[in-house]
Each structure stands twice: as C-alpha cells, then as structure tokens.
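Here, each number is a calculation from the coordinates, and none is a lab measurement. Keep in mind it's a predicted model, so treat the numbers as computed, not measured. In this analysis, Cβ positions are derived from the backbone assuming ideal geometry, glycine residues included, and neighbour counts consider all displayed protein chains.
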Amino acid sequence: MTRIHEHDHTPHSVDFLRALPKCEHHLHIEGSLSPALLFRLAAHNAITLPSHAVDVAYASIEALEARYRSFTSLDDFLDYYNRASAVLITRTDFEALAYEYMKKAHADGIVHAEISFDLQTHTARGISIDDVVHGLNDGLNKGQADFGISFRLIMCILRHLPVSSSVDHMHLAKPFFDAGLIFGLGMCSTEKSQPPTKFRPVFDLAREFGIGYLTAHAGEEGPADYVRQALEELGVQRIDHGVRSLEEDEVVDMLVKRETLLTVCPLSNVCLQVKPRLEDVPLRELLERGVRFSLNSDDPAYFGGYLLENYVQVQRAFDFAPSDWRTIVANGIEGSWMPDEQKEKLIERLDAVIAACK
C-alpha cells in the first residue's frame, strides 16, 4: 500500500487530497448521524435507546462506534440506520443533523454536496414533511452561508416499501419540489428482489411533475442489468453505486456512451462486504474503460469515514497519479447538478491544484 503523508504537495499527501475541489453526490443525511449526536438527541427528546440487555452496542458512544465497524450485510446496517433515525423528531433536530454534515464537509474540502434524505422513514413515525424539509434546508443554508458549500437536496424513495407509498410521497412532496426546497429524486434501500422497473410509475410521475434530476441505487447488491433498467426504464441521469456494471460489457458501453456518472462509495463497499477489500472496488478498471465516477461517503457515520477519508484510503490502495485525480474530480464536477458557470470555475480551481502538485 502507498504511504500517505500529512503535509506536502504530492498526490500522496492529505493536503493535496483535501485541496481538490470535491463534489459529493451520494450522501444519505440520516447516515451522517454520528453516535455522539444520536445520544444527544435521544436524551433531549426523551427517547429510550435499547438497553444493554437487548443490544450491548447502545451501552456507550464508543460501543456503538465499534458496532458500526462490524456490519455483516446491507440489511444488518439498515437495522441500525432505521433505529437511529428515530431520534430525529423536530425541525431543529434535522437542522442540527444537516449543519453537522456541512461542518465536516468543509473540513474535508467539499465545495458542493448533493444530499439525500428518506422522507418515508420519517413520515412513518408521524414526523411532518414540513419539519423534515425545512429543518434540512435550515441546516444546509446555514452551512452554505458559513462555509460556501453549495448544495442540492434529493428525496429518496425506499424500494423495500410498496410502490403506492412512493407515489403518495411524491404527491406529498410536490409543493416542496415546486418551491425548490427539494431538487431531485433518488431511490435507495435494498435491491434484493426489487428491480428498478417496478418503480417506473414513480419516475414517470416525477417527469410529469417537471422533476428533471433523477438518480437511483443500482448495481451494488443487484446485478448489472439493474443498472440498465435504471437507465432505460427509469430514465435516470446518474447511477448510485454501480460497481457491478462491469459484469456486462453492454452496460459498460451504455454508461460510456451516455457519459453517465456512477457515484461510487469505496469504504461503504468494503464495510457492507460488497467487496472484500478496498483494492477490489473496480476504480482502476472504471478509469481504464472510460466510465465516469465520483467518490462518495454514502453513510459516513456508519462506514468509517467521511469523504476525505475515502480519498485517502483510495490513494493508499491505488496510488493514483495527479492525472487520475484530475479525471476523477473533473468527472464529479461535470456530473453535478449545478450551473455550467459554477462547473467552469471549479475546473479552473482543480487545474490550479493539479498544477501545484509536485
């Protein structure tokens, strides 16, 4: 493995990786709920966490952090993820969650973040859409004002729930899309026995509502054909994860031809045992075959690192050259849902960082 230094101007330094103007496209805001904030909100909202007898992970913040390092599957992770979301009750809770992420994003050198949230998770607990969406926007707008990070908010539908639930929530959320408080639509949760085609009515409704920014999880647990379905049947512009796309040449050709961005999450892939080692995440092959991808943290409070840590661990595993990093970061900028003028300025900033690299 390549040794990473803290302070120098080579591609093997944290300083270089931090200076890259990074865009994050695959971040579940509920997945940024740190154990420390979870315990604080539980106490504030008088929510009783599972007892030591039920689950020793909740004995302390440190015990929960340790448990997060030993997930056996996506379903194992989702059990903890959904349980943790129960501490989010008020508008100010969602504001605190969003602002905490923006602080960490700033420390990591993120300049633009496209952030997903799971509305169905919260309405099922009786939380109003107003508190969820306004609370998240409160925290994100405060973060933008304090740190200069632009953002987009993406509502993710949950594929383990009935299609009718997603349709109902699209109607519920339409005024917030119309007001610009929600920007895009995504789809997440387990892929097992949940092909993208099943959710075509939801994505057709999104287009009917004038929502033009669409993405979907595909090709993480599910086969490469799920990536094809998401592109052809759902009409998405991006694919979240997509690491199994390489299993079918036809799908790879489709991604290259369409210049589709994969939002790859390296540490997540290892933590959830999608891949046994970081070196097995097919980043180099994606580069060599011309498939565009960005690096992302997915659910960083659970998966051992926010975005900069993903960059550091990837560089340690793959020893990318400055030209490789230029390609990866530029593709992330170009694949972002931001104005062209902003993209041009970020590309100029990226080129300055690359030029300064020795």
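Over all pairs of different C-alpha atoms, the range 12-96 has a mean inverse distance whose reciprocal, the Kirkwood radius, equals 14.7 Å. Along its three principal directions, the equivalent ellipsoid of the range 124-209 from the Cα gyration tensor extends over semi-axes of 25, 14, 13 Å, largest first. Starting from the Cα of residue 130, move 7 Å in the Cα-to-Cβ direction to define the label point; list residues of the range 77-117 whose amide nitrogen is under 17 Å from there. 89-95, by backbone N distance to the label point.
Taken over the Cα atoms of the range 184-249, the convex hull encloses 69 Å³ per residue. Over the Cα atoms of the range 1-147, the radius of gyration divided by the Kirkwood radius equals 1.02; this is the Rg/Rh ratio. Taken over the alpha carbons of the range 193-319 as equal point scatterers, the Debye sum produces base-10 log I(q)/I(0) values at 0.22 Å⁻¹ of -1.27. Cα convex hull, the range 74-115: 93 Å³ per residue, rounded to a whole number.
For the range 237-294, the spread of Cα coordinates along the three principal axes comes to 31, 19, 16 Å, biggest extent given first. Subtracting the Cα-Cα distance of residue 179 and residue 63 from their residue separation scaled by 0.36 nm leaves 37.6 nm. Diffusion coefficient (Stokes-Einstein, Kirkwood radius over C-alpha pairs, 25 °C, 0.890 mPa s) for the range 64-203: 153 µm²/s, rounded to a whole number.
Evaluating 6.51 cos²θ - 1.76 cosθ + 1.60 at θ = phi - 60° for every residue in the range 54-69, the Karplus couplings come out as 7, 7, 5, 4, 8, 5, 6, 4, 5, 5, 5, 4, 5, 5, 5, 8 Hz, glycine and proline recorded as x. 3J(HN,Hα) couplings calculated from phi for the range 339-355 with the Karplus curve 6.51 cos²θ - 1.76 cosθ + 1.60 (θ = phi - 60°) are, in sequence order, x, 4, 4, 5, 4, 4, 5, 6, 5, 4, 5, 4, 4, 5, 5, 5, 5 Hz; Gly and Pro show x.
Relative contact order of the chain: 22 percent, from C-alpha pairs under 8 Å at least 6 residues apart in sequence.
Taking 190, 72, 90 in turn, the Gaussian network model of the chain (Cα-Cα springs below 10 Å) assigns the largest fluctuation to 72.
Computed 3J(HN,Hα) for the range 136-144, one whole-Hz value per residue from the Karplus formula 6.51 cos²θ - 1.76 cosθ + 1.60 where θ = phi - 60°, is 4, 5, 4, x, 5, 5, 5, x, 5, glycine and proline marked x. Working from the Cα coordinates of the chain, the gyration tensor eigenvalues give, after taking √(5λ), semi-axes of 29, 25, 21 Å in decreasing order. Using the Cα centre of the range 223-295 as origin and beta-carbon charges of +1 (Lys, Arg) and -1 (Asp, Glu), tell me which of 266, 242, 231 is placed farthest towards the positive end of the dipole. Of the candidates, 266 comes out farthest on the positive side. Helical content of the chain, expressed as a calculated mean residue ellipticity at 222 nm, amounts to -14500 deg cm²/dmol (DSSP H runs of 4 or more residues, -39,500 (n - 2.57) each, divided by residue number, nearest 500).
Note on the chain: with a GNM built from Cα contacts shorter than 10 Å, the maximum mean-square fluctuation among 18, 67, 292 falls on 67.
Determine one quarter of the surface area of the Cα convex hull of the range 98-146, which equals its mean projected area, and express it in nm² to one decimal.
It is 3.5 nm².
Largest first, the three principal axis extents of the alpha carbons in the range 116-171 are 39, 19, 17 Å in whole numbers.
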